[in-house]
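The values are calculated or read from the model by the stated rules, or taken from the named source; none is laboratory data. Everything quoted here is computed from the prediction, not taken from an experiment. Don't worry about glycine lacking a Cβ; one is built from the backbone with ideal geometry, like all the others, and counts go over all protein chains shown.
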(Lines give C-alpha, C1' and ligand atoms only; values in the text may rest on other atoms or scores of the structure.)
Protein backbone atom coordinates (compact mmCIF):
# COMPACT_ATOMS: atom_id res chain seq x y z
CA UNK A 1 0.00 0.00 0.00
CA UNK A 2 1.36 3.41 -0.98
CA UNK A 3 2.10 6.02 1.66
CA UNK A 4 0.40 9.31 0.67
CA UNK A 5 2.94 11.98 -0.20
CA UNK A 6 1.04 14.78 1.56
CA UNK A 7 0.91 12.93 4.94
CA UNK A 8 3.57 13.10 7.68
CA UNK A 9 4.59 10.06 9.73
CA UNK A 10 5.84 9.23 13.23
CA UNK A 11 8.32 6.60 14.36
CA UNK A 12 5.44 5.01 16.30
CA UNK A 13 3.60 4.52 12.97
CA UNK A 14 0.90 7.18 13.11
CA UNK A 15 0.14 9.44 10.15
CA UNK A 16 -1.16 13.01 10.17
CA UNK A 17 -2.64 14.98 7.30
CA UNK A 18 -3.26 18.71 7.60
CA UNK A 19 -5.86 20.33 5.36
CA UNK A 20 -6.82 23.89 6.10
CA UNK A 21 -6.79 24.29 9.86
CA UNK A 22 -7.76 20.69 10.51
CA UNK A 23 -5.51 17.65 10.95
CA UNK A 24 -6.60 14.05 10.44
CA UNK A 25 -4.71 11.31 12.34
CA UNK A 26 -4.57 7.57 11.76
CA UNK A 27 -2.23 4.59 11.92
CA UNK A 28 -0.14 3.44 8.99
CA UNK A 29 -0.48 0.39 6.81
CA UNK A 30 2.72 -0.94 8.38
CA UNK A 31 1.12 -0.58 11.83
CA UNK A 32 -2.08 -2.43 10.90
CA UNK A 33 -0.02 -5.17 9.30
CA UNK A 34 2.08 -5.57 12.46
CA UNK A 35 -1.06 -5.67 14.62
CA UNK A 36 -3.06 -8.15 12.58
CA UNK A 37 -6.87 -8.32 12.67
CA UNK A 38 -8.07 -5.17 14.45
CA UNK A 39 -11.08 -5.87 16.68
CA UNK A 40 -11.40 -2.89 18.99
CA UNK A 41 -10.74 0.84 18.96
CA UNK A 42 -10.93 3.31 21.82
CA UNK A 43 -10.82 7.01 20.91
CA UNK A 44 -11.16 10.34 22.75
CA UNK A 45 -14.39 12.30 22.59
CA UNK A 46 -14.75 15.65 20.76
CA UNK A 47 -13.43 18.43 22.97
CA UNK A 48 -10.68 16.28 24.48
CA UNK A 49 -7.14 17.67 24.38
CA UNK A 50 -4.31 15.56 23.00
CA UNK A 51 -0.66 16.22 23.80
CA UNK A 52 2.38 15.71 21.60
CA UNK A 53 3.87 12.27 22.16
CA UNK A 54 1.19 11.24 24.67
CA UNK A 55 -1.20 8.35 24.18
CA UNK A 56 -4.71 9.40 23.13
CA UNK A 57 -6.31 6.03 22.44
CA UNK A 58 -5.83 2.34 21.78
CA UNK A 59 -6.19 0.01 18.86
CA UNK A 60 -6.47 -3.68 19.72
CA UNK A 61 -5.99 -6.71 17.56
CA UNK A 62 -6.97 -10.22 18.66
CA UNK A 63 -3.60 -10.67 20.32
CA UNK A 64 -2.31 -7.21 21.26
CA UNK A 65 -3.15 -3.78 22.61
CA UNK A 66 -1.41 -0.79 21.03
CA UNK A 67 -1.37 2.73 22.36
CA UNK A 68 -1.75 5.50 19.79
CA UNK A 69 0.47 8.54 20.34
CA UNK A 70 -0.35 12.07 19.28
CA UNK A 71 1.90 13.36 16.45
CA UNK A 72 1.05 16.91 17.61
CA UNK A 73 -0.96 18.69 20.29
CA UNK A 74 -4.50 19.88 19.72
CA UNK A 75 -8.19 19.59 20.43
CA UNK A 76 -10.28 16.69 19.14
CA UNK A 77 -13.03 17.90 16.80
CA UNK A 78 -14.30 14.51 15.72
CA UNK A 79 -13.61 10.82 16.37
CA UNK A 80 -14.34 8.21 13.71
CA UNK A 81 -17.46 6.59 15.21
CA UNK A 82 -17.71 4.07 12.36
CA UNK A 83 -14.73 2.21 13.75
CA UNK A 84 -16.68 1.19 16.84
CA UNK A 85 -18.73 -1.25 14.77
CA UNK A 86 -16.26 -1.90 11.97
CA UNK A 87 -12.76 -1.75 13.49
CA UNK A 88 -11.56 -4.13 10.75
CA UNK A 89 -11.64 -1.17 8.35
CA UNK A 90 -8.27 -0.27 9.87
CA UNK A 91 -6.86 -3.35 8.18
CA UNK A 92 -8.32 -2.54 4.77
CA UNK A 93 -8.15 1.26 4.51
CA UNK A 94 -5.79 2.60 7.18
CA UNK A 95 -4.82 5.74 5.26
CA UNK A 96 -8.37 6.63 4.20
CA UNK A 97 -11.79 5.65 5.59
CA UNK A 98 -10.26 4.29 8.81
CA UNK A 99 -8.88 7.61 10.04
CA UNK A 100 -9.07 7.85 13.86
CA UNK A 101 -9.56 11.49 14.87
CA UNK A 102 -9.75 15.00 13.44
CA UNK A 103 -7.90 17.61 15.47
CA UNK A 104 -7.49 21.40 15.55
CA UNK A 105 -3.75 21.77 16.04
CA UNK A 106 -2.31 24.00 18.78
CA UNK A 107 1.00 24.52 17.03
CA UNK A 108 1.43 23.39 13.43
CA UNK A 109 5.22 23.82 13.62
CA UNK A 110 5.33 20.61 15.71
CA UNK A 111 4.91 18.70 12.43
CA UNK A 112 8.33 19.76 11.18
CA UNK A 113 9.95 16.95 13.20
CA UNK A 114 7.95 14.23 11.43
CA UNK A 115 8.94 12.09 8.45
CA UNK A 116 7.65 12.52 4.93
CA UNK A 117 6.50 9.47 2.93
CA UNK A 118 9.88 8.57 1.47
CA UNK A 119 11.67 8.96 4.83
CA UNK A 120 9.00 6.80 6.49
CA UNK A 121 9.29 4.12 3.80
CA UNK A 122 13.05 4.00 4.36
CA UNK A 123 12.44 3.85 8.13
CA UNK A 124 10.11 0.83 7.98
CA UNK A 125 12.32 -0.93 5.43
CA UNK A 126 15.21 -0.62 7.90
CA UNK A 127 13.18 -1.82 10.89
CA UNK A 128 11.90 -4.76 8.83
CA UNK A 129 15.48 -5.83 8.14
CA UNK A 130 16.34 -5.54 11.80
CA UNK A 131 13.39 -7.72 12.81
CA UNK A 132 14.35 -10.55 10.50
CA UNK A 133 18.08 -10.39 11.28
CA UNK B 1 1.74 3.03 17.96
CA UNK B 2 4.11 0.67 19.61
CA UNK B 3 5.28 -2.26 17.57
CA UNK B 4 3.50 -5.45 18.58
CA UNK B 5 6.39 -7.67 17.56
CA UNK B 6 8.88 -8.84 20.14
CA UNK B 7 12.45 -8.05 19.18
CA UNK B 8 14.32 -11.08 17.99
CA UNK B 9 17.47 -12.37 19.52
CA UNK B 10 19.87 -14.45 17.52
CA UNK B 11 19.86 -17.27 20.10
CA UNK B 12 16.18 -18.08 19.53
CA UNK B 13 15.57 -21.75 18.87
CA UNK B 14 14.10 -22.85 15.58
CA UNK B 15 12.03 -25.83 14.48
CA UNK B 16 13.06 -27.70 11.30
CA UNK B 17 10.25 -25.83 9.50
CA UNK B 18 11.53 -22.36 10.42
CA UNK B 19 12.88 -21.62 6.94
CA UNK B 20 9.61 -22.73 5.38
CA UNK B 21 7.54 -20.47 7.67
CA UNK B 22 9.71 -17.52 6.70
CA UNK B 23 9.38 -18.34 3.01
CA UNK B 24 5.60 -18.41 3.50
CA UNK B 25 5.83 -14.89 4.91
CA UNK B 26 4.66 -15.85 8.41
CA UNK B 27 4.80 -13.25 11.15
CA UNK B 28 7.31 -14.65 13.62
CA UNK B 29 7.44 -14.07 17.39
CA UNK B 30 9.53 -15.15 20.33
CA UNK B 31 7.46 -17.81 22.07
CA UNK B 32 9.21 -19.12 25.17
CA UNK B 33 12.60 -18.76 23.49
CA UNK B 34 11.40 -20.19 20.16
CA UNK B 35 11.13 -18.32 16.87
CA UNK B 36 7.61 -19.35 15.91
CA UNK B 37 4.91 -18.27 13.43
CA UNK B 38 2.12 -16.33 15.16
CA UNK B 39 0.03 -15.93 12.01
CA UNK B 40 0.33 -16.18 8.24
CA UNK B 41 -0.90 -13.15 6.29
CA UNK B 42 -1.11 -15.55 3.30
CA UNK B 43 -3.74 -17.58 5.22
CA UNK B 44 -5.74 -14.40 5.80
CA UNK B 45 -4.45 -13.85 9.34
CA UNK B 46 -5.39 -15.06 12.80
CA UNK B 47 -9.19 -14.92 12.53
CA UNK B 48 -9.23 -16.64 9.14
CA UNK B 49 -6.93 -19.36 10.50
CA UNK B 50 -9.16 -19.79 13.57
CA UNK B 51 -12.24 -20.16 11.35
CA UNK B 52 -10.48 -22.64 9.07
CA UNK B 53 -9.87 -24.95 12.05
CA UNK B 54 -13.45 -24.65 13.32
CA UNK B 55 -14.96 -25.04 9.88
CA UNK B 56 -12.61 -27.26 7.88
CA UNK B 57 -8.91 -27.87 8.61
CA UNK B 58 -5.71 -26.06 9.55
CA UNK B 59 -2.11 -27.19 10.07
CA UNK B 60 0.24 -26.12 12.86
CA UNK B 61 3.96 -26.72 13.28
CA UNK B 62 4.22 -27.77 16.92
CA UNK B 63 7.72 -29.20 16.74
CA UNK B 64 8.77 -26.93 19.60
CA UNK B 65 6.88 -29.25 21.97
CA UNK B 66 9.14 -31.60 23.92
CA UNK B 67 9.02 -35.39 23.96
CA UNK B 68 10.27 -37.59 26.78
CA UNK B 69 10.35 -41.37 26.43
CA UNK B 70 10.40 -43.52 29.56
CA UNK B 71 11.10 -47.26 29.18
CA UNK B 72 11.56 -50.01 31.73
CA UNK B 73 15.07 -51.25 32.35
CA UNK B 74 15.76 -54.49 34.11
CA UNK B 75 12.47 -55.80 35.37
CA UNK B 76 9.13 -55.03 33.72
CA UNK B 77 6.88 -52.44 35.30
CA UNK B 78 9.64 -49.91 36.04
CA UNK B 79 8.43 -47.37 33.49
CA UNK B 80 4.82 -47.57 34.66
CA UNK B 81 5.88 -47.14 38.29
CA UNK B 82 7.98 -44.10 37.35
CA UNK B 83 5.15 -42.49 35.35
CA UNK B 84 2.70 -43.17 38.17
CA UNK B 85 5.06 -41.37 40.56
CA UNK B 86 5.54 -38.20 38.49
CA UNK B 87 2.13 -37.89 36.79
CA UNK B 88 -1.22 -37.26 38.52
CA UNK B 89 -3.45 -39.27 36.16
CA UNK B 90 -3.58 -43.09 36.40
CA UNK B 91 -1.30 -44.48 33.69
CA UNK B 92 -2.15 -48.07 34.68
CA UNK B 93 -5.53 -47.49 33.03
CA UNK B 94 -3.89 -46.74 29.67
CA UNK B 95 -4.04 -49.48 27.06
CA UNK B 96 -1.17 -49.73 24.57
CA UNK B 97 -2.03 -47.15 21.91
CA UNK B 98 -3.95 -44.94 24.30
CA UNK B 99 -3.06 -41.47 25.65
CA UNK B 100 -4.40 -39.16 28.31
CA UNK B 101 -4.06 -35.63 29.64
CA UNK B 102 -2.17 -35.35 32.91
CA UNK B 103 0.25 -33.12 34.81
CA UNK B 104 3.50 -33.38 36.69
CA UNK B 105 3.26 -31.79 40.12
CA UNK B 106 5.62 -30.31 42.68
CA UNK B 107 5.33 -31.74 46.21
CA UNK B 108 3.19 -28.64 46.92
CA UNK B 109 0.50 -29.93 44.52
CA UNK B 110 1.25 -27.15 42.02
CA UNK B 111 2.28 -27.57 38.40
CA UNK B 112 5.64 -28.48 36.94
CA UNK B 113 3.86 -28.78 33.59
CA UNK B 114 0.87 -30.41 31.97
CA UNK B 115 1.57 -33.41 29.71
CA UNK B 116 -0.01 -35.87 27.33
CA UNK B 117 1.04 -39.39 28.35
CA UNK B 118 1.07 -41.96 25.52
CA UNK B 119 1.44 -45.67 26.27
CA UNK B 120 3.71 -46.98 23.51
CA UNK B 121 4.03 -50.51 24.87
CA UNK B 122 3.63 -52.44 28.10
CA UNK B 123 6.90 -50.88 29.27
CA UNK B 124 7.19 -47.71 27.21
CA UNK B 125 5.61 -44.25 27.59
CA UNK B 126 5.95 -41.01 25.68
CA UNK B 127 5.30 -37.75 27.53
CA UNK B 128 4.63 -34.72 25.33
CA UNK B 129 5.50 -31.53 27.21
CA UNK B 130 5.50 -27.78 26.65
CA UNK B 131 8.22 -25.95 24.72
CA UNK B 132 8.92 -23.25 27.27
CA UNK B 133 9.45 -25.79 30.06
CA UNK B 134 11.45 -28.40 28.15
CA UNK B 135 14.71 -28.26 30.14
CA UNK B 136 12.94 -27.88 33.47
CA UNK B 137 10.70 -30.85 32.69
CA UNK B 138 13.42 -33.19 31.49
CA UNK B 139 15.52 -32.43 34.55
CA UNK B 140 12.50 -32.93 36.76
CA UNK B 141 11.70 -36.29 35.18
CA UNK B 142 15.32 -37.50 35.38
CA UNK B 143 15.70 -36.39 38.98
CA UNK B 144 12.44 -37.91 40.19
CA UNK B 145 12.64 -41.25 38.38
CA UNK B 146 16.19 -42.12 39.53
CA UNK B 147 15.04 -44.74 41.99
CA UNK B 148 12.88 -46.52 39.41
CA UNK B 149 13.96 -49.24 36.97
CA UNK B 150 13.63 -47.09 33.89
CA UNK B 151 15.51 -45.20 31.20
CA UNK B 152 14.57 -41.60 30.42
CA UNK B 153 15.35 -40.21 26.96
CA UNK B 154 14.84 -36.69 25.65
CA UNK B 155 13.53 -37.20 22.11
CA UNK B 156 12.43 -33.58 21.67
CA UNK B 157 14.75 -32.91 18.76
CA UNK B 158 14.04 -36.23 17.06
CA UNK B 159 10.54 -35.33 15.88
CA UNK B 160 8.86 -32.79 13.72
CA UNK B 161 5.34 -32.59 15.10
CA UNK B 162 2.45 -31.34 12.98
CA UNK B 163 -1.05 -30.75 14.34
CA UNK B 164 -3.71 -31.22 11.66
CA UNK B 165 -6.87 -29.87 13.24
CA UNK B 166 -10.49 -29.40 12.26
CA UNK B 167 -13.54 -31.41 11.16
CA UNK B 168 -11.87 -32.27 7.83
CA UNK B 169 -8.51 -33.26 9.36
CA UNK B 170 -9.48 -36.92 9.15
CA UNK B 171 -10.28 -36.61 5.43
CA UNK B 172 -7.03 -34.80 4.73
CA UNK B 173 -4.75 -37.15 6.64
CA UNK B 174 -6.47 -40.29 5.33
CA UNK B 175 -5.13 -39.42 1.87
CA UNK B 176 -1.56 -39.66 3.18
CA UNK B 177 -1.63 -42.78 5.33
CA UNK B 178 -2.43 -46.47 5.09
CA UNK B 179 -3.65 -46.40 8.70
CA UNK B 180 -7.43 -46.63 9.16
CA UNK B 181 -8.03 -43.26 10.82
CA UNK B 182 -11.74 -43.73 11.47
CA UNK B 183 -10.78 -46.60 13.79
CA UNK B 184 -8.64 -44.30 15.99
CA UNK B 185 -10.72 -42.95 18.86
CA UNK B 186 -10.14 -39.60 20.50
CA UNK B 187 -6.89 -39.74 22.54
CA UNK B 188 -5.73 -42.97 20.93
CA UNK B 189 -2.85 -43.34 18.49
CA UNK B 190 -1.28 -45.75 16.04
CA UNK B 191 2.11 -46.19 14.46
CA UNK B 192 1.59 -46.10 10.73
CA UNK B 193 2.96 -44.91 7.42
CA UNK B 194 2.53 -41.21 6.68
CA UNK B 195 3.75 -39.76 3.39
CA UNK B 196 5.67 -42.99 2.86
CA UNK B 197 7.46 -42.70 6.22
CA UNK B 198 7.14 -45.91 8.22
CA UNK B 199 6.36 -46.07 11.96
CA UNK B 200 5.18 -42.49 12.29
CA UNK B 201 3.12 -41.80 15.38
CA UNK B 202 -0.41 -40.69 14.45
CA UNK B 203 -2.39 -39.52 17.48
CA UNK B 204 -5.97 -38.27 17.59
CA UNK B 205 -5.06 -35.40 19.90
CA UNK B 206 -4.83 -31.63 19.73
CA UNK B 207 -5.10 -28.30 21.47
CA UNK B 208 -7.95 -26.68 19.59
CA UNK B 209 -11.14 -28.27 20.92
CA UNK B 210 -11.73 -29.64 17.44
CA UNK B 211 -11.29 -33.15 16.04
CA UNK B 212 -7.80 -33.64 14.66
CA UNK B 213 -4.48 -35.44 14.63
CA UNK B 214 -0.93 -34.85 15.68
CA UNK B 215 1.70 -36.63 13.65
CA UNK B 216 5.34 -37.20 14.61
CA UNK B 217 7.84 -37.60 11.78
CA UNK B 218 11.67 -37.49 11.58
CA UNK B 219 13.01 -34.01 12.22
CA UNK B 220 15.46 -33.45 9.36
CA UNK B 221 14.59 -30.38 7.32
CA UNK B 222 14.09 -32.22 4.01
CA UNK B 223 11.65 -34.76 5.49
CA UNK B 224 9.85 -32.13 7.57
CA UNK B 225 9.29 -29.85 4.57
CA UNK B 226 8.26 -32.77 2.37
CA UNK B 227 5.60 -33.85 4.87
CA UNK B 228 4.37 -30.27 5.38
CA UNK B 229 4.05 -29.76 1.62
CA UNK B 230 2.25 -33.04 1.09
CA UNK B 231 -0.19 -32.20 3.89
CA UNK B 232 -0.90 -28.80 2.34
CA UNK B 233 -1.32 -30.38 -1.10
CA UNK B 234 -3.68 -33.09 0.22
CA UNK B 235 -5.66 -30.41 2.04
CA UNK B 236 -6.16 -28.16 -0.95
CA UNK B 237 -9.64 -29.55 -1.65
CA UNK B 238 -10.58 -28.68 1.96
CA UNK B 239 -9.10 -25.17 1.73
CA UNK B 240 -6.46 -26.03 4.35
CA UNK B 241 -4.34 -23.15 5.65
CA UNK B 242 -1.13 -22.93 7.70
CA UNK B 243 -2.00 -21.81 11.23
CA UNK B 244 0.13 -19.96 13.78
CA UNK B 245 0.30 -19.74 17.53
CA UNK B 246 -2.12 -16.80 17.54
CA UNK B 247 -5.14 -18.90 16.62
CA UNK B 248 -3.79 -21.86 18.59
CA UNK B 249 -4.30 -19.63 21.62
CA UNK B 250 -7.80 -18.41 20.73
CA UNK B 251 -8.89 -21.96 19.84
CA UNK B 252 -7.64 -23.47 23.09
CA UNK B 253 -9.09 -20.59 25.13
CA UNK B 254 -12.58 -21.08 23.65
CA UNK B 255 -12.27 -24.73 24.64
CA UNK B 256 -10.92 -23.84 28.12
CA UNK B 257 -7.71 -25.79 27.71
CA UNK B 258 -5.02 -24.70 30.17
CA UNK B 259 -1.84 -22.88 29.11
CA UNK B 260 1.24 -23.20 31.30
CA UNK B 261 2.21 -19.90 32.92
CA UNK B 262 -1.42 -18.75 32.71
CA UNK B 263 -4.10 -21.12 34.06
CA UNK B 264 -1.52 -23.47 35.56
CA UNK B 265 1.86 -22.68 37.12
CA UNK B 266 4.11 -23.46 40.07
CA UNK B 267 1.81 -21.23 42.18
CA UNK B 268 -1.54 -22.82 41.29
CA UNK B 269 -2.73 -26.22 42.51
CA UNK B 270 -4.86 -28.85 40.79
CA UNK B 271 -8.10 -28.04 42.65
CA UNK B 272 -7.83 -24.32 41.89
CA UNK B 273 -7.28 -25.09 38.20
CA UNK B 274 -10.37 -27.36 38.31
CA UNK B 275 -8.45 -30.24 36.74
CA UNK B 276 -9.80 -32.71 39.32
CA UNK B 277 -10.94 -35.24 36.76
CA UNK B 278 -7.37 -35.82 35.56
CA UNK B 279 -6.03 -36.26 39.11
CA UNK B 280 -6.50 -39.77 40.46
CA UNK B 281 -6.14 -39.54 44.22
CA UNK B 282 -7.15 -43.20 44.56
CA UNK B 283 -4.34 -44.67 42.44
CA UNK B 284 -1.72 -44.69 45.19
CA UNK B 285 0.94 -42.19 46.18
CA UNK B 286 2.42 -39.73 43.67
CA UNK B 287 4.31 -36.45 43.78
CA UNK B 288 2.02 -33.71 45.05
CA UNK B 289 -0.65 -36.04 46.41
CA UNK B 290 -0.14 -35.34 50.11
CA UNK B 291 -0.31 -31.57 49.61
CA UNK B 292 -3.45 -31.95 47.52
CA UNK B 293 -5.03 -34.06 50.26
CA UNK B 294 -4.34 -31.24 52.72
CA UNK B 295 -5.48 -28.54 50.30
CA UNK B 296 -8.76 -30.37 49.82
CA UNK B 297 -9.42 -30.27 53.57
CA UNK B 298 -8.41 -26.61 53.80
CA UNK B 299 -10.85 -25.62 51.05
CA UNK B 300 -10.47 -23.46 47.95
CA UNK B 301 -9.26 -19.87 48.15
CA UNK B 302 -9.71 -19.23 44.43
CA UNK B 303 -11.07 -21.05 41.45
CA UNK B 304 -10.88 -20.74 37.68
CA UNK B 305 -13.97 -19.28 36.02
CA UNK B 306 -14.97 -18.32 32.51
CA UNK B 307 -16.20 -14.78 32.00
CA UNK B 308 -17.75 -12.87 29.17
CA UNK B 309 -17.47 -9.09 28.87
CA UNK B 310 -20.74 -7.17 29.04
CA UNK B 311 -19.23 -3.69 28.73
CA UNK B 312 -17.12 -2.75 25.72
CA UNK B 313 -13.54 -3.82 26.35
CA UNK B 314 -11.23 -6.79 26.04
CA UNK B 315 -9.99 -8.47 29.21
CA UNK B 316 -6.32 -9.37 28.77
CA UNK B 317 -3.86 -11.60 30.61
CA UNK B 318 -3.03 -10.26 34.09
CA UNK B 319 -5.78 -7.64 34.20
CA UNK B 320 -7.32 -7.24 37.63
CA UNK B 321 -10.82 -8.49 38.51
CA UNK B 322 -12.81 -6.55 41.08
CA UNK B 323 -16.24 -6.51 42.66
CA UNK B 324 -18.97 -3.88 42.50
CA UNK B 325 -17.28 -1.92 45.30
CA UNK B 326 -14.01 -1.86 43.36
CA UNK B 327 -12.07 -4.23 45.65
CA UNK B 328 -9.56 -6.41 43.83
CA UNK B 329 -10.77 -10.01 43.96
CA UNK B 330 -8.78 -11.84 41.32
CA UNK B 331 -6.87 -11.85 38.07
CA UNK B 332 -7.39 -12.71 34.41
CA UNK B 333 -5.15 -15.57 33.25
CA UNK B 334 -6.09 -15.49 29.54
CA UNK B 335 -8.37 -13.10 27.73
CA UNK B 336 -9.18 -12.47 24.09
CA UNK B 337 -11.90 -11.77 21.61
CA UNK B 338 -13.49 -15.10 20.66
CA UNK B 339 -13.67 -15.35 16.87
CA UNK B 340 -16.25 -18.17 17.07
CA UNK B 341 -18.60 -16.51 19.55
CA UNK B 342 -18.05 -12.88 18.56
CA UNK B 343 -17.66 -11.98 22.23
CA UNK B 344 -14.78 -10.97 24.47
CA UNK B 345 -14.02 -13.89 26.77
CA UNK B 346 -11.52 -14.64 29.52
CA UNK B 347 -10.47 -17.11 32.17
CA UNK B 348 -9.83 -15.70 35.64
CA UNK B 349 -9.04 -16.80 39.17
CA UNK B 350 -11.60 -15.50 41.69
CA UNK B 351 -12.76 -16.54 45.17
CA UNK B 352 -15.38 -19.35 45.08
CA UNK B 353 -18.07 -16.91 46.24
CA UNK B 354 -17.77 -15.18 42.85
CA UNK B 355 -17.67 -18.37 40.78
CA UNK B 356 -21.36 -19.14 40.28
CA UNK B 357 -22.59 -18.84 36.71
CA UNK B 358 -24.47 -15.56 36.37
CA UNK B 359 -22.34 -13.68 38.91
CA UNK B 360 -21.50 -10.12 37.84
CA UNK B 361 -17.92 -8.97 38.33
CA UNK B 362 -15.69 -6.33 36.81
CA UNK B 363 -12.41 -6.26 34.92
CA UNK B 364 -10.20 -3.22 35.24
CA UNK B 365 -9.23 -2.14 31.73
CA UNK B 366 -6.85 0.84 31.61
CA UNK B 367 -8.38 2.34 34.73
CA UNK B 368 -11.98 1.64 33.76
CA UNK B 369 -14.23 -0.85 35.58
CA UNK B 370 -15.82 -2.96 32.85
CA UNK B 371 -18.74 -5.24 33.65
CA UNK B 372 -18.42 -8.98 33.02
CA UNK B 373 -20.47 -12.09 33.68
CA UNK B 374 -19.44 -15.54 34.91
CA UNK B 375 -20.53 -17.99 32.19
CA UNK B 376 -20.48 -21.78 31.75
CA UNK B 377 -17.30 -23.29 30.30
CA UNK B 378 -16.00 -24.42 27.93
CA UNK B 379 -17.04 -21.35 25.99
CA UNK B 380 -17.14 -23.50 22.87
CA UNK B 381 -17.87 -27.20 22.50
CA UNK B 382 -17.61 -28.85 19.12
CA UNK B 383 -20.87 -30.14 17.69
CA UNK B 384 -21.38 -33.85 18.13
CA UNK B 385 -21.18 -35.84 14.91
CA UNK B 386 -24.60 -36.12 13.30
CA UNK B 387 -26.21 -39.16 14.82
CA UNK B 388 -26.31 -42.14 12.50
CA UNK B 389 -29.82 -42.44 11.18
CA UNK B 390 -31.73 -45.21 12.84
CA UNK B 391 -33.45 -47.70 10.61
CA UNK B 392 -36.95 -48.07 11.96
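Provide a single number: the residues in the stretch B:279-327 that are within 14 Å of chain A (Cβ to nearest Cβ), on the phi > 0 side of the Ramachandran plot and within 25 Å of the chain's Cα centre (by Cα).
Qualifying residue count for the region: 1.
Please enumerate the residues belonging to the stretch B:198-239 that are over 17 Å from residue B:15 (Cβ atoms), touching a helix residue (DSSP H, G or I) at 6+ places or on another chain (Cβ under 7 Å) and part of a strand (DSSP E or B).
Listed by number, the residues that qualify are B:212, B:213.
Against the definition (modelled with pLDDT under 95 and either away from chain A (no Cβ under 13 Å) or in contact with a helix residue (DSSP H, G or I) (Cβ under 6 Å, 6 or more places away or on another chain) (or both)), how does residue B:330 come out, yes or no?
no
Considering only the stretch B:259-375, give the strands (runs of 3 or more DSSP E) lying wholly within it that have at least 3 residues that are closer than 29 Å to residue B:109 by Cα and in contact (Cβ under 8 Å) with a residue 60 or more places away in the chain.
Filter on the stretch B:259-375 gives B:303-309, B:328-338, B:343-350.
Residues in the stretch B:20-35: is at least one more than 21 Å from residue B:207 (Cβ to Cβ) and crowded, with 24+ Cβ neighbours inside 10 Å?
Scanning the stretch B:20-35, I find no residue that is more than 21 Å from residue B:207 (Cβ to Cβ) and crowded, with 24+ Cβ neighbours inside 10 Å, so the answer is no.
Do we find a residue being modelled with pLDDT of 95 or more and under 26 Å from residue B:114 (Cα atoms) anywhere in the stretch B:232-243?
The answer is yes; a qualifying residue exists.
If you go through the stretch B:49-65 one residue at a time, do you hit one that is surrounded by fewer than 17 Cβ atoms within 10 Å (Cβ to Cβ) and closer than 30 Å to residue B:242 by Cβ?
Yes, that holds for at least one residue.
Confirm whether residue A:127 is closer than 30 Å to residue B:26 by Cβ, in contact with a helix residue (DSSP H, G or I) (Cβ under 8 Å, 6 or more places away or on another chain) and at pLDDT below 95.
No.
I'd like to know if the stretch B:358-366 contains one or more residues that are modelled with pLDDT of 95 or more and closer than 26 Å to residue B:166 by Cα.
no
If you take just the helices (runs of 4 or more DSSP H) that sit entirely in the stretch B:1-120, which of them hold at least 2 residues that are within 14 Å of another protein chain (Cβ to nearest Cβ)?
Here the list reads B:18-23, B:46-55.
For the stretch B:151-178, name all the residues that are surrounded by fewer than 18 Cβ atoms within 10 Å (Cβ to Cβ) and in a loop (DSSP other than H, G, I, E, B).
Listed by number, the residues that qualify are B:155, B:175, B:178.
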